[in-house]
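This report refers to the structure that appears directly beneath it.
The values are calculated or read from the model by the stated rules, or taken from the named source; none is laboratory data. Since the model is a prediction, treat every value here as computed from it, not as a measurement. Ideal geometry is used to build each Cβ from the backbone, glycine not excepted, and the neighbour counts take in all protein chains shown.
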Amino acid sequence: MNRALVRIYRTGEDYRRYTWDNPDRRSALTAFVKRYHRFIGDRVLDLGCGGGVLGAVVGPTGRRYLGVDANPDMLAAASQLDAGLRFLEADITRDPIPGRFDTVTLLGNSLAHFTVSDMDRLLRARRANVRLGSTFVVDYLDLVAMFWQNTWRRVRVTTEVRGKITHRARLVDLERGTMDLRATPSTRSWTLDWSHAIWAPFILEMLMRHHGWLLLHRSPPRPKRGATKIPEAHVEVYRLEATR
């Protein structure tokens, strides 16, 4: 059990946001599959699968699916879905995962928990699960753009099932590539110190290229010439073009 992840999603975040019970998550992933279906192959490996919502969406299309997560709360929710879906509790950066897949996904809030060195280790470990031509689909927040646009405030307040929670940025560690935060609920009955990894398109694309993955698609598109707004959220699709 990854106790740090369990505590984050039982306190500072609500893990139920990433399960089938959340209609917003169902709608978002249904729209995602519709938009990116041309990049999603017959065999899907869903890393950081959360409550397995992607599996419930792609399962009826005939695709074979394996969801992997380190959080037993998430997987307990996923186990309530269609019996034809497969799930595995594992550390996606280290543990062996059986099978080879046409598509690997890393969606939701997953990349926020992985630094560049973590992602480097993940790509090395998952080489055994892909082949030339496999696709890798990832979404994430561009924190560098958010810092530049001043849309990531030092203090953020979110409303969860337990009420309002204040997330206060305490330190940006550029060597580790993380922003350290402290989450405190309005009840002040606990505090949680956690880190959000810092990502931007130029960081991720450089790392993926290093491992032989070529960028196929980035959404939202680059801003028009003269525009000042930098997109904060990205979906990127890569294809494995070379082995090292």
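Within the range 43-132, which strands (runs of 3 or more DSSP E) (wholly inside it) include 1 or more residues that are under 13 Å from the mean Cα position of the chain (by Cα)? Step through it out loud before you land on a result.
Working: elements: 43-47, 64-69, 86-89, 103-106.
Because the criterion is at least 1 residues that are under 13 Å from the mean Cα position of the chain (by Cα), the strands (runs of 3 or more DSSP E) in the range 43-132 that meet it are 43-47, 64-69, 103-106.
Given Asp173, Asp139, Asp180, which one is of a type in the set (Asp, Glu) and closer than 18 Å to Gly12 by Cα?
Answer to the check: Asp180.
I'd like to check something: does the range 80-89 contain any residue that is under 24 Å from Arg25 (Cβ atoms), touching a Ser or Thr at 6+ places or on another chain (Cβ under 9 Å) and among the acidic types (Asp, Glu)?
Among the residues of the range 80-89, not one is under 24 Å from Arg25 (Cβ atoms), touching a Ser or Thr at 6+ places or on another chain (Cβ under 9 Å) and among the acidic types (Asp, Glu), which makes the answer no.
Mind counting the residues in the range 156-190 that are modelled with pLDDT of 90 or more and among the polar types (S, T, N, Q)?
Residues in the range 156-190 being modelled with pLDDT of 90 or more and among the polar types (S, T, N, Q): 1 in total.
Name the residues in the range 7-21 that are more than 16 Å from the chain's Cα centre (by Cα) and buried (at least 16 other Cβ atoms within 10 Å of the Cβ), would you?
Once the filter is applied, which keeps residues that are more than 16 Å from the chain's Cα centre (by Cα) and buried (at least 16 other Cβ atoms within 10 Å of the Cβ), the range 7-21 yields Thr11, Gly12, Trp20.
Which number in (1) crowded, with 21+ Cβ neighbours inside 10 Å; (2) within 24 Å of Pro220 (Cα to Cα); (3) hydrophobic (A, V, I, L, M, F, W, C) marks the one condition that Ala112 misses?
Just one mismatch for Ala112, condition (1).
Quickly run through the range 133-168 and pick out the residues that are surrounded by 12 or more Cβ atoms within 10 Å (Cβ to Cβ), among the small types (Gly, Ala, Ser) and outside any loop (DSSP other than H, G, I, E, B).
Within the range 133-168, Ala145 is the sole residue that qualifies.
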